[in-house]
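Just so you know, all these numbers are worked out from the coordinates, no wet-lab data involved. Note that the structure is a prediction, hence the values are computed from the model and not measured. FYI the Cβ positions are ideal-geometry reconstructions off the backbone, even for glycines, and counts take in every protein chain you see.
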């Protein structure tokens, strides 16, 4: 039994698809909205760890569902932070579901 548990742990940690959620604190430097509703933004400062789906080079963050209540709340918080030049901390989901290489945001925290 101990061997099976150890084997499962090794497989899960060695699998290339396993990624951790990102986190970043900084000022919003750019907000973008496309005509089909895609919302994404950039922050100043070090992006730190990123999930595999970002390919390690795309540093923008995505609002997963801009039509949802939480998506509208996230966007309004981002606009308020941008206008007031207040830093935010973004916590990611570890997934890039809205766009193939931009991490979805899980939580926006105004500083």
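Miscellaneous remarks
- Residues 59, 89, sorted so that the one with the fewest Cβ neighbours within 10 Å comes first: 89, 59
- Put in line by how crowded their Cβ is, counting other Cβ atoms within 10 Å and starting with the fewest, 62, 77 read 77, 62.
- Fewest-first ranking of 40, 61, using other Cβ atoms within 10 Å as the exposure measure: 40, 61
- With the alpha-carbon atoms of the range 15-111 aligned to their principal axes, the span from lowest to highest coordinate is 41, 28, 19 Å, starting with the largest.
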